[in-house]
Amino acid sequence: MRTLRIGVLALQGDVSEHIDITNLTLREMGLEGEAIMVKRKNHLDEIHGLIIPGGESTTIGRMAERFGIITKIKEAALSGLPIFGTCSGLILMAKKVRDAKIGETNQPTLGLLDVEVVRNAFGRQRESFETNLIIPKIGKNPFPGVFIRAPAIASILSKEIEILATYEEKIVAVQQKNLIGITFHPELTDDIRLHELFIDTILKSPFKDKILKDNL
Ligand code: GLN
């Protein structure tokens, strides 16, 4: 039987919510598999895709650095491991990060996704809000965008970036080959379409061969 194992970086943030929605998505897609927590470096050897959840990006980044996970995630991503970053997860994936108020953040990041991200881009008045997003790649029906002290993508740094969604002229979802980054929280909704898109990305990646090999 082919079993897909999807890791959720479990250092801080919306971990259990991502585990639950990923397991639900696998079931809905009729796939054998499970979401597992990634807390240490060696857990990365066991997975076919990684979700980096929302939370507090400086905290997640510092812990990941302390446990030596940052370097290993980066190597895995460069060799094709699909990664899905939501909110803080996107901040950690970005090549460039700054804060809307304080500017340079100097926080540890993976530096994978060719975008510049601005933290807290929606300002104090709109710390958290929900809005309908149009994301053509996942269908016509609007997606419930839950934004919590959300970042925005201020600019794209290469032609490899595919813009998946914008909101109020800000870029809020992108894909670059095996990497998906979004500024909101699908794990806090019951809409599984973005997790489905991520799992489809895993199934199309070279890691699908790893899945086959692992399960011979
Ligand atoms: N503002 C947070 C950060 O910079 C992100 C918020 C979130 O993940 N909900 O990490």
Notebook entry, point to check: So how far, in whole Å, is the C-alpha centre of region 150-170 from the one of region 58-105?
Noted result: 17 Å
Check: Based on Cβ point charges of +1 for Lys and Arg and -1 for Asp and Glu, what charge dipole magnitude is obtained for region 1-127 about its Cα centre, in debye rounded to the nearest 20?
Finding: 380 debye
Margin query: Within 11 Å, Cβ to Cβ, of T105, how many net charges do the neighbouring residues add up to if Lys/Arg are +1 and Asp/Glu are -1?
Written below: +2
Notebook entry, point to check: Which of the peptides 123-132, 83-92 is most tightly packed, and how do the rest follow, going by the mean number of other Cβ atoms within 10 Å of each residue?
Noted result: 83-92, 123-132
Next item on the list: Quick one: go through region 152-180 and flag any residue whose amide nitrogen is under 12 Å from the point 7 Å out along the Cα-to-Cβ line of K95.
Entry: 155-161
Item checked: Estimated dipole of the chain in Debye, rounded to 20 [Cβ of Lys and Arg +1, of Asp and Glu -1, Cα centre] -> 580 debye
Checklist line | region 1-93: GluC sites (Glu not before Pro) in DSSP loop, at most 16 other beta carbons within 10 Å | finding: E32, E56
Item checked: Label-point gap, in nm, between R66 and S155 - each point 7 angstrom along Cα→Cβ -> 3.5 nm
Notebook entry, point to check: Is there a pair in K39/K95; K74/K95; K39/K72; K95/K159 whose C-alpha atoms are over 20 Å apart, and which pairs would that be?
Noted result: K39/K95
Next item on the list: Considering the options L26, I51, A64, tell which one lies farthest towards the positive end of the dipole of region 1-106, charges being +1 on Lys and Arg and -1 on Asp and Glu at the Cβ, about the Cα centre.
Entry: A64
Next item on the list: In whole Å, largest first, what are the principal axis extents of the Cα atoms in region 1-43?
Entry: 29, 22, 7
Next item on the list: Express the Stokes-Einstein translational diffusion coefficient of region 74-216 in µm² s⁻¹, to the nearest whole number, given a Kirkwood radius over alpha-carbon pairs, 37 °C and a viscosity of 0.692 mPa s.
Entry: 210 µm²/s
Notebook entry, point to check: Over the Cα atoms of region 80-156, what Rg and Dmax result, in angstrom?
Noted result: 13.4, 39
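No lab work stands behind these numbers, since they all come straight from the coordinates. Given the structure is predicted, the values throughout are model-derived calculations rather than measurements. Positions of Cβ are backbone-derived with ideal geometry, glycine not excepted, and every protein chain shown enters the neighbour counts.
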